[in-house]
Each structure stands twice: as C-alpha cells, then as structure tokens.
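The values are calculated or read from the model by the stated rules, or taken from the named source; none is laboratory data. The shown structure was predicted, so the numbers you read here are calculated from the model rather than taken from an experiment. No Cβ is skipped: glycine too gets one built from the backbone with ideal geometry, and neighbour counts run over all protein chains shown. SASA here: full protein model, heavy atoms, side chains in, ligands and nucleic acids out. Shrake-Rupley method; radii C 1.70, N 1.55, O 1.52, S 1.80 Å.
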Amino acid sequence: MASRVDNLYFFIVAVTAFFAVLVSVLVIFFAAKYHTKDPLAVGQPIHGSIPLELAWSIIPFLISIVIFAWAADVFFDLQRPPDQTIEIYSVAKRWMWKFQHLDGQNEINELHVPVGRAVKVTFTSEDVLHSMFFPSFRVKADAIPGRYSTVWFTATKVGEYHLFCAEYCGTKHSGMIGKVIVMEPAAYQAWLTGGPGAGSLSQRGEELFNDLACNTCHRSDGSGRGPSLVNKFGAPQELANGTSVAVDEAYVRESILTPQVKLVAGYQPLMPTFQGLLSEENVMALVEYVKSLKTATSGVSNVSAAGPGETPPAAVQENR
Ligand code: CUA
C-alpha cells in the first residue's frame, strides 16, 4: 500500500503547492501592476463577477472530489484485509508489543513475517490507548482496551522495519518500539518451526476451553445448555432480542467477557462473565479455538491462513 498512499500524498502536496505559488505570485504581480504613486488616488469599486466566482467554487470542488474518491479507494483497501492472510494476534501493554503466532510462537517487540504474503494483525490493549504504527507499510491503528483493532500489510522487501507506538501512553512511550523482520518464505518456515513446541494457539484455546469447563455447556452436538460453537465463526447469528450479529473476533470476545449482552436466540442467560478472569492473550486463544471449529469443507480460509505444511486444527480432525 505504501506507493498508493505516497502517490495520493504527493498529489495533495502538489495541488497545495501549485495554488500556494499561484496565489503568492498573483499577489506580488497585482501589487506591482496596480501600484500608484498618486497619494490622492481613489480605488475603483469592485462589483463582483459571477463567472469568476463560479470558477473559483467549481474548480476547488472538483479537485476536492478527486481527492475524496482517490482517498476513499485507498482507505477501503487499507481497512479490508484480503481473504488469504497470515493471522497474528497482538496485545499492547505499557510498554511493549506482544505478538502471538497461530503456530504458538510468542514474540515481544519483534514480529517475523514472510515476504510477499498478506499479514493481518488483530490486537487490543491491556491497559491504556496505544497505537500500532508500521511507518514503512503506511499502516497505523489504535490499540483500544476492550476492543479489537486490525491492520494488514504485505511486505515486499526482505529486511527490518520499524514498529512504533504512536499514541502517548506514559513515561516510556518513546521506548515502546519494535521491529518487523521480513524474511524469505523458506527462512520464515524455518523460523516458525524453530521455536519451542508449545502447541498452536487454537490448541491452547482448546485446553482453556476444557479447563474452564466451557465444553460442558457448549457441546458440539448442540445438546448443551449453550449453543454449539461448531461452524459459528464467520456466519450471522440470530440474537434473543430479534436482531442478528456477525460472528467475528470482536463478537466472540464480547460473548466470553460479557455473555449477557448479545444473547443467542433460544438460550437462557446462564453463562457467567469471564471479565477480569482471563488475560487478553487467553481470550485470543479462545477466539482462535472458536475460529478453528469449522468443518473441513467450510474451513478454507482458516486452513490457508495457517500456511503450507500445516495440519488442520485439532478440533477439525476430532470433529468435536
Ligand atoms: Cu504505547 Cu505509546
């Protein structure tokens, strides 16, 4: 996206510079042209000119519309990740960035990604407002406590790039920096498999799901007191209040922490709140587990997101 953002930016600078020069030059030119040495000269009254006023209204309007349409096009593409992305979770806290890969690797203030693949980072904050800023990729979004934000980028060159916190967040805000390490795909695969075998994020989520006894109500066959979570992710969900909601990361997170807010139609508000009982990292593991609960046929984006050579999530194999 960097070149597209830059082209738009340079266009705006060029338009601004053109009119700044035009106006400055005309001011000087007219000042010289209409200067008079006669101390008693009286200025000509000006009665306005309809064509002139139309011109200086319509031309800037058209230029603004060009900027608006162009910027909207870039903005929508920046906001909408493509379908096939490498997914990474991140938690911001004073004063560090924690990254969680789906394969289980954790990193702090470093993010390893392969070159040429779209990467989507879903993140939140554990304490105050931060802002995830990758200047080289021209993407930035606030990390907001209690909410998921996303940024996505495709790194086009191998190398190391800055990561900044771009929102003042306290004493060591300026030290809340990191780097993105963009690697060749083969080196990235080697790096991914080189870490400790802690199990994938969805496996960790599954363990939590069992440890917290979520599985006693959320049975896969739908016979539990809570809805089955199989094939829920990515589909619309009807709610008890008659509306419906898209089951995305934010909805799953909300349903874990404040389950009464958007109750699934046909179920009683029995689920306890997990607010304050789970770290954001554990919530992300649970979200990832719910995402993995798809049947093999519908789990296309999920499997591709896990990368080549990756076995499907355990949940799919067991068909829980
Ligand atoms: Cu985090 Cu500034």
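Some observations on this one:
- The modelled label-to-label distance for the pair residue 34/residue 16, using points 7 Å beyond Cα in the direction of Cβ, is 2.9 nm.
- In this structure the chain gives 57 Å² per residue of accessible area when probed at 1.4 Å with all protein chains present.
- Between 21, 119, 290, the GNM of the chain built on Cα springs shorter than 10 angstrom shows 21 fluctuating the most.
- For the chain, the carbon plus sulfur part of the accessible surface works out to 61%, probe radius 1.4 Å.
- Those residues of region 140-170 whose amide nitrogen sits under 18 Å from the label point placed on residue 262, 7 Å along Cα→Cβ: 144-150
- Once the Cα atoms are used to define both axes, helix 185-194 deviates from the longest principal axis of the chain by about 40 degrees.
- At q = 0.16, 0.18, 0.19, 0.23 Å⁻¹, base-10 log of I(q)/I(0) for region 102-149 (Debye sum, equal scatterers on each alpha carbon): -0.54, -0.68, -0.76, -1.06
- Principal-axis tilt of helix 201-211 within the chain, Cα atoms, nearest 10 degrees: 50
- Residue-span extension gain [residue 158 to residue 128] - 0.36 nm each, minus C-alpha spacing: 7.5 nm
- The antiparallel fraction among DSSP beta bridges confined to region 86-194 stands at about 70%.
- Long-range HN-HN contacts of residue 86 with modeled amide H, under 5 Å: 118, 119, 120
- About the centre of its Cα atoms, the chain shows a dipole size close to 480 debye [charges on the beta carbon of Lys, Arg (+1) and Asp, Glu (-1) only; nearest 20 debye].
- The chain: relative contact order in percent, alpha carbon pairs under 8 Å with at least 6 residues between: 14
- The trypsin sites (Lys or Arg not before Pro) of region 1-86 that meet both conditions, a loop assignment by DSSP and at most 16 other Cβ atoms within 10 Å of the site Cβ, are 37.
- Fraction of beta bridges assigned by DSSP in the chain that are antiparallel (%, nearest 5): 70
- FRET E, pair residue 109, residue 23, Förster distance 35 Å, beta-carbon r, rounded to 0.05: 0.15
- Working ranking of peptides 260-272, 57-69, 125-137, 207-219 by packing, defined as the average number of other Cβ atoms within 10 Å per residue, highest first, is 125-137, 207-219, 260-272, 57-69.
- Distance violations [Cα-Cα > 19 Å] among 157/291; 98/262; 157/179; 120/140; 98/172: 157/291; 98/262
- Net charge, residue 106 excluded, C-beta distance under 14 Å - Lys, Arg +1, Asp, Glu -1: -3
- Separation of the residue 7 and residue 208 label points, Cα + 7 Å toward Cβ, nm: 4.2
- Cα gyration tensor, region 112-193 - rounded (a/c under 1.5), prolate or oblate: prolate
- Ordering 7, 174, 159 by the projection of their Cα atoms onto the charge dipole of the chain, which places +1 on the Cβ of Lys and Arg and -1 on the Cβ of Asp and Glu, puts 7 at the extreme positive end.
- Taking 0.36 nm per residue of separation and subtracting the current Cα-Cα distance, fully stretching the chain between residue 117 and residue 62 would add 16.1 nm.
- Looking at region 1-135, the DSSP beta bridges with both ends there are about 55 percent antiparallel.
- FRET efficiency, residue 238 to residue 270 (Cβ-Cβ, R0 30 Å, nearest 0.05): 0.95
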